[in-house]
Amino acid sequence: DLIRLHSQLTKTQAQKIWASPSQEVLADLIDGRWEKALQVFEASPHNAQEIATLLKADKKRLWNRTVAALQANPNRREVQAWFALILAVQQGEGHANSWLKAQPKITKENLDYIQGLLARLNGEGTKSQISSTHPSQIIGTVQPITQVTNTEWLQPNSPADLKLTDNQVWYQVEVSAFNDGKRWLNFPFENFNPPKTDTAKFFWKTLGITSDPEIQIVVWLPNGEQKITIAAIKAVQLRGKVLRLLAAGPKIPDNQNDVLQPKPLALTNAALEWVQPSPITLRELHQQNSQGVKVMLSILWQSLQQSGEVPTGGIPSFEQMQEKLGDWPVQVIDLTNNAQPEIILTISPEAIASLNQPTPEIQGENPEQRRDRTIILSDVNKVIYTDFTGNYLQRLSAIAKLSGAQSLALLVENAHNYSLRRWSEKNQRFE
């Protein structure tokens, strides 16, 4: 049943009318329509350039699909052609030709045909396009919108109409951070000055949308499960220091008014890689580093006192704290690039409630307090990150490895958006 449903979906995708050749080829290749995809590639030099950019940015998705098809039918000309094209774009035409000539049953006619396709990659425009285009690496906050005014948005093919297909809705993504192919840029985008001419093409190239127009929309359901929807980026807008994307995709579950759930998150496929260190208990950590845990618990208790989570006054004995906190899970990972691990404690509302917290008048009735919160201590037991700030509008959502960045990053949910924070060696803090 799963295979049948997947087949129906890929067939539907392949039969759609696509706005760009790369999107059409991607759908065709995933559905196994190798010959139809070649027809799009051969249709014009522009198509060849755009599709070459798609192949350059492929993160093994199309490669694995092509390898599997070759294993099933190693002599099929169209599959051989796509394998050679991917090989040429990613590893050089010499590799592709060597592979082609090594195929035992390839005919001279097929060899000439595929080498003719490879020659289409050698145009000057193609080379510059490949070298200057990168996969889109974008992170932002997303919300559905009902009305779209064409003149407010930039598109490469303007003045094309912005229209939805069946069962699609519009999404507005407010960009928190993106990689321009060289470095990560963060909101607010103060020094981001696009040219006056070909502005839309500048955005498509800088944001990597040319090669990778898909963006994931992540929604957290009440049971904690993640629901991921794929949308397509259609247009861009820069107003003041705020960069927004317009995307079209299926309707997502509505959790906009549920303060207990994280805000919907938008991110492209190549933006980041989630990092999830295996948790251990504080009691287990104490067995590994008894003196360090004693100091850490004292500092942790002081932080909870300062934020009003536990009563002020004397700090309980280590034995008392260990009895209350010993089963709390912690994660150990180096976040500051000094080869020494930091300690991450994510504390549930139930765990806080077990600490004899103050009266409700002091604690307040803010529903935001019913969500997990995190505190991070350095290897010298200094608090370097905390969600216990008093305003309850900041939450550590995840730890992530950003492409092109050495240090890990914190993905933090704020009052209205998400932000990426990385450790600053110079300032000794997350920025």
Of all GluC sites (Glu not before Pro) in region 135-208, the ones in DSSP coil with at most 15 other Cβ atoms within 10 Å are Glu190
Any idea how far apart Val383 and Lys60 come out in nm if each label point goes 7 Å out from Cα toward Cβ? 4.1
With unit charges on the beta carbon (Lys/Arg positive, Asp/Glu negative), name the residue among Gln49, Asn417, Leu2 whose Cα is farthest towards the positive pole of the charge dipole of the chain. Gln49
GNM, the chain, Cα, under 10 Å: largest mean-square fluctuation among Leu420, Leu164, Leu282? Leu164
Within straight cross-link reach of Lys105, meaning Cα distance under 20 Å, which aspartates and glutamates are found once same-chain residues fewer than 8 apart are removed? Glu35, Glu78
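Relative contact order of the chain, please, whole-number percent, based on alpha carbon pairs below 8 angstrom and at least 6 residues apart.
On the way: 713 pairs, mean separation 48.5, N = 431.
Once divided by the residue count of the chain, the mean separation gives 11 percent.
Report, in debye and to the nearest 20, how large the dipole of the chain comes out about its Cα centre when Lys and Arg carry +1 and Asp and Glu carry -1 on their Cβ. Kindly include the intermediate steps, with their values, before the conclusion.
Numbers: 43 positive and 43 negative charges, 246 e Å.
My answer is approximately 1180 debye.
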Would you calculate a helix-derived [θ] at 222 nm for the chain, using -39,500 (n - 2.57) for each DSSP H run of n ≥ 4 and dividing by the full residue count, to the nearest 500? -10500 deg cm²/dmol
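Between Glu190 and Asp254, 0.36 nm times their residue separation minus their Cα-Cα distance comes to what? Write down the numbers at each step before the final one.
On the way: separation 64, 0.36 × 64 = 23.04 nm, distance 3.23 nm.
Result for the pair: 19.8 nm of gain on full extension.
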Work out the charge dipole of the chain with +1 on the Cβ of Lys and Arg and -1 on the Cβ of Asp and Glu about the Cα centre, then indicate which of Gly326, Val242, Phe203 is farthest towards its positive end. Phe203
For Asn338 paired with Asn167, estimate the spin-label separation in nm (one decimal), with each label point 7 Å from Cα along the Cα-to-Cβ line. 5.3
Towards the positive end of the charge dipole of region 230-346, with charges on Cβ (+1 Lys, Arg; -1 Asp, Glu), say which of Asn337, Thr312, Ala270 has the farthest Cα. Ala270
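So if we plug the beta-carbon distance of Ala353 and Ile315 into 1/(1 + (r/R0)^6) with R0 = 22 Å, what FRET efficiency do we get, rounded to 0.05? Working shown, then result.
Values: r = 19 Å, r/R0 = 0.88.
After rounding, the FRET efficiency stands at 0.70.
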Candidates Gln103, Gln216, Gln261, ranked by Gaussian network fluctuation over the chain, Cα under 10 Å, top entry: Gln103
Built amide H within the under 5 Å cut-off of Asp180, gap 5+: Leu185
Just to be sure I understand the model, the point goes 7 Å from the Cα along the line to the Cβ. What's the resulting Gln147 to Asp327 distance in nm? 5.5
When the chain is modelled as a GNM with alpha-carbon springs shorter than 10 Å, which of Ala232, Ala353, Ala48 fluctuates the most? Ala353
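Cα-Cα over 23 Å: which of Lys294/Lys324; Lys227/Lys251; Lys241/Lys263; Lys251/Lys401; Lys263/Lys382? List each step's numbers first, then the result.
Values: Lys294/Lys324 13 Å; Lys227/Lys251 11 Å; Lys241/Lys263 21 Å; Lys251/Lys401 29 Å; Lys263/Lys382 29 Å.
Beyond 23 Å between Cα atoms: Lys251/Lys401; Lys263/Lys382.
Values quoted throughout were computed directly from the atomic coordinates according to the rules given, and no laboratory measurement underlies them. Just so it is clear, the model here is predicted, and its values are computed rather than measured. Here the Cβ is made from the backbone with ideal geometry for all residues, glycine too, and neighbour counts use every protein chain on show.
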